[in-house]
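Notes follow once the structure below has been shown.
Here, each number is a calculation from the coordinates, and none is a lab measurement. Because the structure is a prediction, the values reported are computed rather than measured. Glycine gets a Cβ as well: all are built from the backbone with ideal geometry, and neighbour counts include every protein chain shown.
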Amino acid sequence: MTTVIVAGALANKPRNGGEAWVRLSWIRGFQKLGCNVVFVEQIAPESCVDEGGAVVPFEESVNLAYFREVTEQFGLNGSSVLIHGDGAQTYGYSFSELLDVASGSQLLVNISGHLTLESVKDRIPRKAFIDIDPGFTQFWHASANSAAHLGGHDWWFTIGENIGKSCCPIPVGSIPWQPIRQPVVLEDWPVTGGAFDRFTTIANWRGPYGTVEYGGQTYGLKVHEFRKVLPLPQRSSHPFEIALAIHPADGKDLAALEDNDWRIVDPTEIVAQPHAFREYVQASGAEFSVAQGVYVDTRSGWFSDRTIRYLASGKPALVQDTGFGDQLPVGDGLLSFKTLDDAETGAHEIVRNYEHHCRAARAIAENHFASDQVLGSLLDRVGVSP
């Protein structure tokens with residue numbers, strides 16, 4: 001049986017069910033193809049914290065507790081390892097056991113280049129880097145920022161499907177980027193019915209990274225794009241809700257959202273666990289969301305893993321144009337917008353013909369993001385059989 005090691009951040013992003021689903025979808029997708037999958041994560045000692053954010057020993061951290069909770073929920077407690085620092089402490093396999101697993105594996109799928117320990121990487125014959133932050137990754141690499149972690153791989157895949165095309169200014173340098181989509185295991189996200197009630201999304205107001213400056217241009221964040229559509233709820237007369245993580249320093253933005261009739265809900269419980277995240281998405285009517293400015297301004301073709309889960313659940317999506325329409329069907333189930341007027345028109349269309357758009361949403365997930373299709377193609381491209 002083919003052994004695939006999937007590396008990514010789970011414990012490093014505790015109480016974030018959406019981020020957990022990103023990694024789980026790759027893991028469960030390879031399992032569905034018949035692969036033996038081992039999940040590997042590294043965490044730095046200074047990243048091990050308690051509920052208040054204070055640095056604590058590894059075994060007392062919320063990070064380890066979350067890793068244990070999620071891997072046990074999804075039956076991965078016997079096939080996952082959390083490496084503390086350089087491997088002096090681990091949870092799951094011992095470090096020596098992990099080295100043996102790496103020696104017997106056929107492929108490393110390294111999400112965002114998370115696995116950096118050469119003692120583990122060097123034992124794996126094929127190594128694929130998965131870029132889920134297109135633009136950030138390439139701009140960092142072009143600026144010699146070590147956060148890119150591109151070295152030591154044999155293949156480089158990006159969900160920015162326009163990267164390398166003339167329409168996209170993101171620099172590629174000497175990296176032969178190949179497009180890939182984020183997978184969804186359709187059985188994990190069954191269709192849920194019901195009448196339309198509201199547009200929702202789950203968001204971090206500023207996202208995990210700061211603005212990017214490259215070639216004399218500054219690329220903005222999600223906050224800058226949301227400000228452009230603040231009047232939408234009042235103009236469309238439909239309910240719009242955001243499960244929003246927003247810092248108290250952004251109080252003026254929060255007040256502006258509320259003044260424009262956005263319903264803001266506390267994301268703490270909604271996003272904490274994968275199952276709670278799924279319940280919120282599947283109880284929604286449709287998604288409305290903007291994208292990070294860097295994805296929009298570069299026409300990278302980025303497409304949200306969260307939006308994929310709305311589509312798989314039979315929930316239409318109205319999302320900001322990042323150039324994804326060059327590859328994906330837009331207009332039924334999935335609608336894009338560039339302007340406030342576009343967003344208003346798209347919202348009206350989804351509500352007007354809701355059942356049609358629900359069916360089309362699921363069809364897009366089945367035809368373009370199903371894990372068998374996405375991950376089967378990856379295995380073919382790297383020369384590995386399930």
Grab the other residues whose beta carbon is less than 12 angstrom from that of TYR93, score K and R as +1, D and E as -1, and report the net. -3
Pair ASP122, SER103: separation of 7 Å Cα→Cβ label points (nm): 1.4
Please give the calculated 222 nm ellipticity per residue for the chain, where each DSSP H segment of at least 4 residues contributes -39500 (n - 2.57) and the sum is spread over every residue; nearest 500 deg cm²/dmol? -10000 deg cm²/dmol
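Count the net charge of all other residues whose Cβ sits under 12 Å from the Cβ of ALA148, scoring Lys and Arg as +1 and Asp and Glu as -1.
Here the charged neighbours net out to -2.
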Among 145-152, 91-98, what's the highest-first ranking by average C-beta atoms within 10 angstrom per residue? 91-98, 145-152
Estimated FRET transfer efficiency (VAL330, THR192; beta-carbon r; R0 30 Å; 0.05): 0.85
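When the dipole is taken about the Cα centre of region 186-368, and only Lys, Arg (+1) and Asp, Glu (-1) are charged at their Cβ, what size is it in debye, to the nearest 20?
80
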Treating only the Cβ of Lys, Arg, Asp and Glu as charged (+1, +1, -1, -1), what charge dipole size does the chain show about its Cα centre? Round to the nearest 20 debye. 740
The distance between the Cα centres of region 188-222 and region 101-140, in whole Å, is 25
Karplus 3J(HN,Hα) series, Hz, for region 34-47 with 6.51 cos²θ - 1.76 cosθ + 1.60 (x for Gly, Pro): x, 7, 7, 10, 10, 9, 10, 9, 9, 9, 7, x, 6, 8
Counting other Cβ atoms within 10 Å, which chymotrypsin sites (Phe, Trp or Tyr not before Pro) in region 303-368 have at most 14 and lie in a DSSP loop? none
Between helix 62-73 and the chain, what is the angle of the helix's C-alpha long axis to the longest principal axis, kept within 0 to 90° and rounded to the nearest 10? 90
Global form of region 186-368, assessed from the alpha-carbon gyration tensor, a/c cut-off 1.5: rounded
For ASP250 paired with GLU269, estimate the spin-label separation in nm (one decimal), with each label point 7 Å from Cα along the Cα-to-Cβ line. 2.3
Quick one: compute a quarter of the convex hull surface over the Cα atoms of the chain and quote it in nm². 18.0
Testing the spin-label approximation: label points 7 Å from Cα along Cα→Cβ at MET1 and ASP259. State their distance in nm. 5.9
Going through the cross-link list LYS121/LYS222; LYS165/LYS315; LYS222/LYS315, which pairs have a Cα-Cα distance over 29 Å in this structure? LYS121/LYS222; LYS165/LYS315
Whether region 90-223 is rounded, prolate or oblate, judged on the alpha carbon gyration tensor where a/c under 1.5 counts as rounded: oblate
With a cut-off of at most 15 other beta carbons within 10 Å, and DSSP calling the residue loop, which trypsin sites (Lys or Arg not before Pro) in region 260-338 qualify? Please list them. LYS338
So between GLN217 and ASN367, what do we pick up on full extension, going 0.36 nm a residue minus the alpha carbon distance? 50.3 nm
